[in-house]
């Protein structure tokens with residue numbers, strides 16, 4: 001591209017000790033940008049990052065979740081010495097606090113979210129100034145990225161003190177913001193819209209989400225660039241659904257275990273699938289993080305599977321590391337995560353296609369876009385369990401069609417959805433923000 005080496009700071013919000021699509025994306029972006037010759041500082045916010053490859057982040061956490069909350073809750077902690085704050089930023093404590101925080105629904109976090117959004121005018125200004133001082137003294141970035149719109153409140157001070165443009169990633173935060181209770185939901189949107197003027201560029205993970213967030217932010221669509229997620233070349237293989245696998249017809253679900261991602265919808269469709277011709281031996285395999293907030297929900301779903309008579313055909317593999325993920329994807333014929341909400345990223349679609357596993361997805365969010373760009377799967381009307389079962393049935397009965405979709409999708413990943421493609425496209429955004 002002819003771009004000179006940049007000093008890039010990527011701020012990434014840790015996700016309470018679980019694997020998070022946005023964290024994985026930011027980590028892989030940092031790795032790819034370094035490979036292209038740029039200096040990248042990946043800074044964790046709230047909690048340490050948990051990734052399934054080499055951890056590219058620094059070993060300091062800013063806006064530590066415990067400190068950020070205590071400074072919100074009590075004026076006393078807004079003036080404590082750094083030694084006390086340091087103790088409260090210990091990784092083990094942040095992970096433990098993150099697990100507890102993960103049990104709190106967005107509806108109850110409104111006041112805390114508003115406090116973060118207020119930036120230098122909010123109760124965590126001590127954390128913001130510490131971050132700015134670190135970036136000024138140790139990093140001196142040419143450009144800074146924020147992890148999501150819930151951090152737009154820190155853009156003003158960072159721009160003023162560091163004289164560097166600020167790019168804000170848009171990665172699915174509307175789902176959290178829309179789940180907040182009123183009046184906090186409306187107040188948060190109002191602050192975000194006001195503070196959006198202090199961001200130089202926004203970058204979304206799909207055209208669908210760029211349009212969605214242009215409306216939410218009340219900014220021109222032209223201010224939002226699109227950079228699709230990219231995955232490491234090490235994901236690519238010749239295995240997957242297209243091979244002559246000696247196994248029963250197998251559907252896979254790889255995502256967080258929660259209502260939003262739609263495992264219950266897939267179970268409903270799978271029960272219908274098992275009653276279709278030649279599907280009496282079909283299997284459903286699921287893997288992904290199951291947090292405390294959704295354990296009772298998952299137990300009730302297991303009760304439902306037993307009542308449907310399909311419990312013996314369904315297995316839950318738990319949360320898996322990178323090796324486990326690749327082995328899981330190689331063990332299934334079709335991937336389906338029938339998300340209840342309009343998914344803005346769909347990274348698991350690309351991960352599956354990298355292993356030549358075709359997908360069946362609802363026709364909303366980023367999925368129609370990914371289907372068009374990759375040619376690696378089929379869509380069905382969102383919320384229609386019968387239609388989902390029928391699409392799965394068609395593919396499971398047709399190995400040649402699966403191989404065609406999987407092979408086409410894998411080639412698309414190779415040609416436009418690697419981490420290098422993501423990094424090069426982000427560099428274009430950085431250059432636009434600097435001009």
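Within segment 23-70, the residues that satisfy the criterion of being part of a helix (DSSP H, G or I), over 20 Å from the mean Cα position of the chain (by Cα) and farther than 20 Å from residue 138 by Cβ are 35, 66, 68, 69, 70. The residue of segment 331-351 that is surrounded by the fewest Cβ atoms within 10 Å (Cβ to Cβ), among those that are farther than 13 Å from residue 287 by Cα and either more than 15 Å from the chain's Cα centre (by Cα) or outside the structural domain of residue 268 (by TED's automatic domain parsing) (or both), is 340. Looking for something in the same structural domain as residue 284 (by TED's automatic domain parsing) and either at pLDDT 95 or above or within 20 Å of the chain's Cα centre (by Cα) (or both) - is there at least one such residue anywhere in segment 238-248? The answer is yes, given that some residue of segment 238-248 is in the same structural domain as residue 284 (by TED's automatic domain parsing) and either at pLDDT 95 or above or within 20 Å of the chain's Cα centre (by Cα) (or both).
When you check residue 19 against the structure, is it modelled with pLDDT under 95, assigned by TED's automatic domain parsing to the domain that holds residue 137 and farther than 22 Å from residue 85 by Cβ, yes or no? So residue 19 fits the description; yes.
Residue by residue, here is whether (1) surrounded by 22 or more Cβ atoms within 10 Å (Cβ to Cβ); (2) in a helix (DSSP H, G or I); (3) touching a helix residue (DSSP H, G or I) at 6+ places or on another chain (Cβ under 7 Å) holds:
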residue: 246; (1), (2), (3): no, no, no
residue: 251; (1), (2), (3): yes, no, yes
residue: 266; (1), (2), (3): yes, yes, no
residue: 276; (1), (2), (3): no, no, yes
residue: 279; (1), (2), (3): no, no, yes
residue: 284; (1), (2), (3): yes, no, yes
residue: 289; (1), (2), (3): no, no, no
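Given the criteria surrounded by 22 or more Cβ atoms within 10 Å (Cβ to Cβ), over 18 Å from the mean Cα position of the chain (by Cα) and either under 24 Å from residue 324 (Cβ atoms) or not assigned by TED's automatic domain parsing to the domain that holds residue 174 (or both), does residue 405 qualify? Here the answer is yes, as residue 405 does meet what is asked. Being at pLDDT 95 or above and more than 20 Å from residue 358 (Cα to Cα) is a property that residue 277 has. Scanning segment 294-316 for residues that are part of a helix (DSSP H, G or I) and crowded, with 16+ Cβ neighbours inside 10 Å yields a count of 6. Go through segment 114-137 residue by residue and tally those that are touching a residue at least 12 places away in the same chain (Cβ under 8 Å) and within 27 Å of residue 4 (Cα to Cα). Within segment 114-137, residues that are touching a residue at least 12 places away in the same chain (Cβ under 8 Å) and within 27 Å of residue 4 (Cα to Cα) number 5.
The values are calculated or read from the model by the stated rules, or taken from the named source; none is laboratory data. Source: prediction; values computed, not measured. Cβ sites come from the backbone with ideal geometry, for glycine too, and all protein chains shown count toward neighbours.
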